[in-house]
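The values are calculated or read from the model by the stated rules, or taken from the named source; none is laboratory data. For clarity, every value in this text was computed on a predicted model and none was experimentally measured. Cβ coordinates were reconstructed from backbone atoms using ideal geometry, including for glycine residues, and neighbour counts include every protein chain displayed.
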Amino acid sequence: MKTKMIKMVLTLLLLSLAFVPLNAFGAEENITPGDGTKAAELDKMVDEDRPELSADVAFLSQYVWRGYGLSKDSLVIQPSITAGFKGFALNLWGNLDTDNEAYNGSKWNETDLTFSYGHSFGIVGLEAGYIYYALDGLDDSKEFYLSAGVDVLLAPTLTVYREVSTLQGWYINLGVSHSFELPHDMSLDLGAIFAYYGSDNDNMVEYDDNNMATSDRFSGLHDGLLSLGLAIPFYKYFTVTPSISWAFPLSGSASNEMAALSLDGRSNHLFGGVTLSMAF
């Protein structure tokens with residue numbers, strides 16, 4: 001019931017946004033994709049006195065989350081809408097799997113709600129937030145997180161997540177990124193993430209080479225992600241971004257665990273697609 005209610009809210013918000021005239025948002029310029037690091041972008045959002053509104057929809061060959069393949073041989077559609085003001089932000093995100101064989105036949109199988117607040121101190125940007133994962137056919141999940149980024153070369157960002165509900169544990173990732181400016185306000189965006197996972201729950205354990213669960217809780221280096229995207233802005237408010245990503249395990253135990261828990265039975269995932277974004 002909670003998932004359906006949040007899904008309805010997300011759908012109504014996206015539909016209402018689609019019918020708002022562009023000139024209703026004034027003559028403010030959109031932030032050019034790739035303009036500065038995450039910390040710099042956070043600084044812009046915090047210092048702005050006007051509300052920020054953005055929405056996007058991604059069409060991807062697979063849903064991959066923290067190294068797990070959560071879809072199999074199907075297109076996934078992932079809409080998202082974010083509203084922000086003076087550092088506070090609210091985001092709604094959903095996943096639509098076009099293959100209804102996954103998750104007990106439910107195509108819309110996940111809706112996430114994120115509350116966050118961010119502030120910058122010189123070149124250092126800090127953000128804290130809460131994520132509610134409404135999952136169809138599974139117990140809902142709740143996480144708190146804290147992130148710190150530095151506005152220097154490669155924009156290093158460290159984020160710590162703490163799951164506090166059904167699958168308690170720590171997920172910590174270190175990310176770096178860089179954007180190369182191209183003609184016509186385009187940018188080539190590169191990113192890399194390396195993560196550690198530590199389980200405090202007996203249901204998230206290590207697996208042997210035969211994909212059989214052991215009694216040992218998982219703790220160690222987990223997954224990496226390399227990404228490449230080409231941001232192409234058009235008509236002032238819009239950006240289309242084709243992208244490709246590779247998710248892979250960082251250890252042998254992580255490879256066994258990721259393969260056992262992925263719907264496609266693999267620990268390495270090469271996936272891509274295109275994202276349409278608009279920001280006001």
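Laid out as a table, the results:
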quantity: Of all residues in the stretch 66-91 being free of Cβ contacts under 8 Å to residues at least 40 places away in the same chain and farther than 27 Å from L226 by Cβ, the one that is surrounded by the most Cβ atoms within 10 Å (Cβ to Cβ); calculated: G84
quantity: Positions within the stretch 212-239 being loosely packed, with under 14 Cβ neighbours inside 10 Å and either among the hydroxyl-bearing types (S, T, Y) or closer than 28 Å to G273 by Cβ (or both), in sequence order; calculated: T214, S215, F234, Y235, K236
quantity: Whichever residue in the stretch 63-114 is part of a loop (DSSP other than H, G, I, E, B) and of a type in the set (S, T, N, Q) and, among such residues, is modelled with the lowest pLDDT; calculated: N100
quantity: Flag for S179 being more than 27 Å from T275 (Cβ to Cβ), of a type outside the set (K, R) and surrounded by 14 or more Cβ atoms within 10 Å (Cβ to Cβ); calculated: no
quantity: Count of the stretch 253-280 residues which are within 21 Å of N203 (Cβ to Cβ) and of a type in the set (G, A, S); calculated: 8
quantity: Residue in the stretch 121-135 that is more than 16 Å from the chain's Cα centre (by Cα) and at pLDDT below 95 present; calculated: no
quantity: Residue that is surrounded by the fewest Cβ atoms within 10 Å (Cβ to Cβ), among those in the stretch 187-203 that are over 24 Å from I81 (Cβ atoms) and touching a residue at least 40 places away in the same chain (Cβ under 8 Å); calculated: L188
quantity: Test for I244: is it surrounded by 15 or more Cβ atoms within 10 Å (Cβ to Cβ), within 17 Å of D189 (Cβ to Cβ) and at pLDDT 95 or above; calculated: no
quantity: All positions within the stretch 92-104 that are among the hydroxyl-bearing types (S, T, Y) and surrounded by 17 or more Cβ atoms within 10 Å (Cβ to Cβ); calculated: Y103
quantity: Selection count, the stretch 260-273, where residues are of a type outside the set (S, T, Y) and crowded, with 20+ Cβ neighbours inside 10 Å; calculated: 1
quantity: Boolean, I193 is over 17 Å from G67 (Cβ atoms), at pLDDT 95 or above, assigned to a strand (DSSP E or B) and not basic (K, R); calculated: no
quantity: Residue within the stretch 209-221 that is under 30 Å from A55 (Cβ atoms), modelled with pLDDT of 95 or more and not in a strand (DSSP E or B) present; calculated: no
quantity: Residues that are touching a residue at least 60 places away in the same chain (Cβ under 8 Å), within 17 Å of E110 (Cα to Cα) and surrounded by fewer than 17 Cβ atoms within 10 Å (Cβ to Cβ), drawn from the stretch 45-65; calculated: F59
quantity: Contacts under 6 angstrom Cβ, first residue in the stretch 143-169 being over 18 Å from R66 (Cα atoms) and in contact (Cβ under 8 Å) with a residue 12 or more places away in the chain, partner among the β-branched types (V, I, T) and surrounded by fewer than 19 Cβ atoms within 10 Å (Cβ to Cβ), 6 or more apart; calculated: V150/I123; V150/V124; D151/I123; L154/V176; P156/V150; P156/V176
